[in-house]
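Trainee: Sharing a structure with you now.
The values are calculated or read from the model by the stated rules, or taken from the named source; none is laboratory data. This is a predicted model, so every value here is computed, not measured. Glycine also receives a Cβ, built like all others from the backbone with ideal geometry; neighbour counts cover every protein chain displayed.
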Amino acid sequence: MVGMMTSILGGEGEVRLLLGDEAVARGAIEAGVDVAASYPGTPATEIVGALSEVARGLGIYVEWSSNEKVALEVAAAASMAGLRALAAMKHVGLNVAADTLMSLGYSGAKGGLVVVSADDPSCHSSQNEQDNRLYSMLSYIPAYEPSDPQEAKDLTRDLFDVSEECRTPVLLRMTTRLAHTRGRVKLGPVPRRSRRGSLEREWRWTLLPVNARRLKVEALRRLERLSELHEAFKYNRLKLDGDEDVGVVASGVSYLHALEAAERLDISDKVAFLKLTSVYPAPRGLVEKLAEAVRVVLVVEEVEPFLELQVRAIAGRDVEVHGKDLLPRRGELNPDVVAEALAKLTGAELERPPSALRREVEAVSSSAPPRPPTMCPGCPHRASYYSLKVALREEGLEGRVFVSGDIGCYTLGYFPPYELIHSTLCMGSSVGLACGLSRFTNDPVVAVVGDSTFFHAALSAVANAVHNGAAFLLVVLDNGTTAMTGFQPHPGSEHTATGEAGRGIAVEDVLRGLGVRRVAVVDPYNVRRAVSALREAIRAVRAGELAAVVMRRACVIYELRRRGAARLSRASFQVDSEACTMCMACVREFACPAIQLRGGRVVIDEGLCTGCGVCVQVCPAGAIRPVVRSREAQS
Amino acid sequence: MRRRVDLVVAGVGGQGVLALSRVIGVAALMEGYDVKIAEVHGMAQRGGSLVTHVRIGSAVLSPLIPRFSADVLVSLEALEAARHLALLRPGGLLATDDYVLPPTGLSSRAPDVLSAIRGLGRYRVEVVRAREVALRLGEVRAANMVMLGFLVSCSAIPISKSSAIEALRSELPARYLEVNLRAFNAGYELGRRKGFIKPQGTS
């Protein structure tokens, strides 16, 4: 659903309201990018998502790769061929691609290669909040942080030049608060492109030890050159009048928080500012210039003291440096916490809301019951979890099974009332952990993984299970798409990122090909069959086998969008209050958001019900019945 | 004096919080303002609590609104209004639907948060039955545009009717344009009947 004013297409000088992610996509287009690859992950998804929608018209090759490592390799290959390429991923995705990244830090780049890491301070949608600027130090790759969508756009465009000039990949670090902030972006020109890649044999692409030793020397030389270049890098800004007592060094969105905090404290003209966009290597000269002029420096940055350590190393003897002693190392920053820190350091008066107000408001706010994310009405995962619970209960295993979960909407099976998931570490870990767990515990082990995650990181773990004879129940929740990030295709899909036909690989074929002998495929909307397939598989596991059940049913939101419909069938469902015994099985055990307790009765919210019909099979009293709606109301 | 408005938009994932924020942002851009909208994507969208910060002004710095400083809090659901109340400044406008969507699996009664908020006596509270109006129009998902019509007609946001409609046309899918326009106009009428409300003391 992209509107005209939020489209990344448009002529020079036009103004758009773009997400930071979309601005990066536009910047890549303005740089004449040839190739973009990614695996979807919040908060990075919209970068390649936006590019995929316009790729065909612009002649850019865009793909959703099966994982981040492959995405980076596809982009690196383009760079080796002299083309401009972008690889985007969420922070933890860079862990998957880290092996490749480290080698690219040695080999360098040829065509401009921009690697975008979208970090997630505060873990809005992630398993951790790691600060990927640290990868730049580890890999000898320079890192950059823009502050707002306009800068994200302009910087991305120019980073392709930096990459080619210095023959290095570059790391662009975004954080959630920029990636998902819309802002005013003035568009620049889009170049005509007519480049074709060409490959030459170059020793630097083969990292044999004999070459790697030489490449390390070159990588260090590149860093020296970048350090100089960063002194005059146009996105860095030093605001220094010379009479300031306090200096702020800030990067990314933190810079804007700091500007606003200073304005609120009415000390904007009493504080010097060094805004750093090139955060590694930090420009020594600029930092020294600030340090010589002020008494004390506050480094404002999200998550780790990355700039702080560099500032201390450069100027720690000449100036008092503060950072993570006054600002939190966990969670994202905001204007309030930065104002507190600045007030403490400068002695400026910070007007705080009266404590009576805070107390009263807190009392009202906390009375609102929490509303964690839930599986959608009609979500096939809910039906799968319900069947799994029933199957375990009927096999006498309730509460005795360890369920190793994975990354996706189905991680929500951790929460009540399902409470099935016992572990979720990272992409693909469900199967790897099950390989070990099943060996070290007496009770059966279940691994639950989604289809996109299965192709991303579970295949080698399945091979491991087969080869080493691990016995557990592998449940693949196959909803046909990468649902949580917004329905991107994966290797099981019949279409590619840009809408061309793609060969969809069936999960059960992969399992059988990898040597899993016992594979069943069921529709989770059919509770009876699903329970029976799961029970059979559980019995096989207890007899020492590896058994897989593929639970296949399209993501309900994806399916409804595809059909352009509000519900799956003409029927919606209602509770016959005469027949309802108020046993609450539907509310407490199935917990579909459409089923609610209102005025002491169980009712189904017609606006929320998608007509999946699973609750009919859940109700022991047979009180939930279909109501056929008129044609008109249906669409 | 610079005209600056900080607006918080709240609701439940699926209610159209993002679309409402985006239409307001685009309209403000058309009016010549600088705009920033802090959104939330991903897991939180799955039926969870959803909030955006919309900042409109001559030059917006941070995308985040400090606590107790928003001029307007708009909510498409009552519990979400309460949840994000700490962003609203005393004297600010709370425009909220009184529709209560109990969180999934809640087996006790949801609290009457609107009475509690009114009881504080610190805000201008306007109940806008946007969902009810949208249901009458046959499209519950248009409740967000009812709310937009209300906000525009009572000048809670610095956006003219024509910019709002232009933004709505630009940003929402063409096949729902008709019903969204009707929703907007219905909300606009609601606001007109309430009279001219302007949050006091916008900086």
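Trainee: Pairs, please: C-beta under 6 Å, at least 6 apart or cross-chain, first residue not assigned by TED's automatic domain parsing to the domain that holds A:Glu218 and among the small types (Gly, Ala, Ser) and in segment A:145-166, second surrounded by fewer than 23 Cβ atoms within 10 Å (Cβ to Cβ) and not in a helix (DSSP H, G or I)?
Mentor: If the second residue must be surrounded by fewer than 23 Cβ atoms within 10 Å (Cβ to Cβ) and not in a helix (DSSP H, G or I), no pairs are left.
Trainee: Now for a different question. Considering segment A:385-412 alone, what residues qualify as being over 19 Å from the mean Cα position of the chain (by Cα) and under 23 Å from A:Val92 (Cβ atoms)?
Mentor: A:Val403, A:Ser404
Trainee: Here is a follow-up. For segment A:542-558, how many residues are of a type outside the set (Lys, Arg) and surrounded by fewer than 21 Cβ atoms within 10 Å (Cβ to Cβ)?
Mentor: Final tally of qualifying residues: 5.
Trainee: Which condition from (1) of a type outside the set (D, E, K, R); (2) within 14 Å of chain B (Cβ to nearest Cβ); (3) buried (at least 23 other Cβ atoms within 10 Å of the Cβ) is the one that A:Pro354 breaks?
Mentor: Unmet condition: (3).
Trainee: Another one. Among the residues of segment A:605-632 satisfying the criterion of being within 13 Å of chain B (Cβ to nearest Cβ) and farther than 15 Å from A:Pro377 by Cα, which is surrounded by the most Cβ atoms within 10 Å (Cβ to Cβ)?
Mentor: Among those that are within 13 Å of chain B (Cβ to nearest Cβ) and farther than 15 Å from A:Pro377 by Cα, it is A:Arg629.
Trainee: Name the single residue, out of those in segment A:221-250 being away from every other protein chain (no Cβ under 14 Å) and of a type in the set (Gly, Ala, Ser), that is farthest from A:Leu276 (Cα to Cα).
Mentor: Step by step, filter segment A:221-250, then rank; the result is A:Gly242.
Trainee: Now for a different question. Considering only segment B:124-139, state which residues are at the interface with chain A (Cβ under 10 Å from one of its Cβ atoms) and part of a loop (DSSP other than H, G, I, E, B).
Mentor: B:Gly138, B:Glu139
Trainee: For A:Gly502, indicate whether it is surrounded by fewer than 16 Cβ atoms within 10 Å (Cβ to Cβ), of a type outside the set (A, V, I, L, M, F, W, C), closer than 24 Å to A:Met427 by Cβ and over 22 Å from the mean Cα position of the chain (by Cα).
Mentor: No: the conditions fail for A:Gly502.
Trainee: Which pairs have Cβ atoms under 9 Å, sit 6 or more apart or on different chains, and link a residue in segment A:179-198 that is over 24 Å from B:Glu39 (Cβ atoms) and within 14 Å of chain B (Cβ to nearest Cβ) to one that is of a type in the set (A, V, I, L, M, F, W, C) and exposed (fewer than 12 other Cβ atoms within 10 Å of the Cβ)?
Mentor: Sorted first by the residue in segment A:179-198, then by its partner, the list stays empty.
Trainee: I'm trying to understand the selection: among the residues of segment B:71-95, which are in contact with a helix residue (DSSP H, G or I) (Cβ under 7 Å, 6 or more places away or on another chain) and either surrounded by fewer than 23 Cβ atoms within 10 Å (Cβ to Cβ) or free of Cβ contacts under 8 Å to residues at least 40 places away in the same chain (or both)?
Mentor: B:Ala78, B:Leu79, B:Ala82, B:Leu85, B:Ala86, B:Pro90, B:Leu94
Trainee: Look through B:Ala59, B:Ala116 and report the one residue that is facing chain A (nearest Cβ under 7 Å), surrounded by fewer than 22 Cβ atoms within 10 Å (Cβ to Cβ) and over 30 Å from A:Tyr410 (Cα atoms).
Mentor: B:Ala116
Trainee: Could you please find all residues in segment A:121-157 being within 13 Å of chain B (Cβ to nearest Cβ), in a helix (DSSP H, G or I) and touching a Pro at 6+ places or on another chain (Cβ under 8 Å)?
Mentor: Hit for segment A:121-157 is A:Ala152, nothing else.
Trainee: Does segment B:73-85 contain at least one residue that is of a type in the set (Asp, Glu) and at the interface with chain A (Cβ under 8 Å from one of its Cβ atoms)?
Mentor: Scanning segment B:73-85, I find at least one residue that is of a type in the set (Asp, Glu) and at the interface with chain A (Cβ under 8 Å from one of its Cβ atoms), so the answer is yes.
Trainee: Would you call A:Tyr414 within 14 Å of another protein chain (Cβ to nearest Cβ), of a type in the set (Phe, Trp, Tyr) and buried (at least 24 other Cβ atoms within 10 Å of the Cβ)?
Mentor: When the stated conditions are applied, A:Tyr414 does not pass them.
Trainee: Which numbered condition trips up B:Phe68, out of (1) surrounded by fewer than 22 Cβ atoms within 10 Å (Cβ to Cβ); (2) facing chain A (nearest Cβ under 9 Å); (3) under 13 Å from the mean Cα position of the chain (by Cα)?
Mentor: The failed condition is (3).
Trainee: Name the residues in segment A:596-614 that are more than 22 Å from B:Ala134 (Cβ to Cβ) and free of Cβ contacts under 8 Å to residues at least 24 places away in the same chain, would you?
Mentor: A:Leu597, A:Gly599, A:Gly600
Trainee: Which one is farthest from A:Tyr385 (Cα to Cα) among residues in segment A:605-635 that are at pLDDT below 95 and of a type in the set (A, V, I, L, M, F, W, C)?
Mentor: For segment A:605-635, the residue satisfying everything is A:Ala633.
Trainee: Considering (1) out of contact with any helix residue (DSSP H, G or I) (no Cβ under 8 Å at 6 or more places or on another chain); (2) charged (D, E, K, R); (3) modelled with pLDDT of 95 or more, say which one A:Arg352 fails and leave the rest.
Mentor: (3)
Trainee: Which residues, counting only those in segment A:328-364, are under 27 Å from A:Leu178 (Cβ atoms) and not in a loop (DSSP other than H, G, I, E, B)?
Mentor: Once the filter is applied, which keeps residues that are under 27 Å from A:Leu178 (Cβ atoms) and not in a loop (DSSP other than H, G, I, E, B), segment A:328-364 yields A:Pro335, A:Asp336, A:Val337, A:Val338, A:Ala339, A:Glu340, A:Ala341, A:Leu342, A:Ala343, A:Lys344, A:Leu345, A:Thr346.
Trainee: Taking B:Ala38, is it crowded, with 22+ Cβ neighbours inside 10 Å and either in contact (Cβ under 8 Å) with a residue 40 or more places away in the chain or of a type in the set (Val, Ile, Thr) (or both)?
Mentor: When the stated conditions are applied, B:Ala38 does not pass them.
Trainee: Can you tell me which residues in segment A:590-604 are surrounded by fewer than 16 Cβ atoms within 10 Å (Cβ to Cβ) and either more than 11 Å from chain B (Cβ to nearest Cβ) or modelled with pLDDT of 90 or more (or both)?
Mentor: A:Arg601, A:Val603
Trainee: Pairs, please: C-beta under 6 Å, at least 6 apart or cross-chain, first residue assigned by TED's automatic domain parsing to the domain that holds A:Asp161 and within 24 Å of A:Cys123 (Cα to Cα) and in segment A:71-97, second part of a helix (DSSP H, G or I) and among the hydroxyl-bearing types (Ser, Thr, Tyr)?
Mentor: Cβ pairs passing all conditions: A:Leu72/A:Thr100.
Trainee: Could you please tell me which pairs satisfy a Cβ distance under 6 Å, a separation of 6+ or placement on different chains, a first residue in segment A:366-378 that is without any contact (Cβ under 8 Å) to a residue 60 or more places away in the chain, and a second residue that is surrounded by 15 or more Cβ atoms within 10 Å (Cβ to Cβ) and hydroxyl-bearing (Ser, Thr, Tyr)?
Mentor: A:Arg371/B:Ser49
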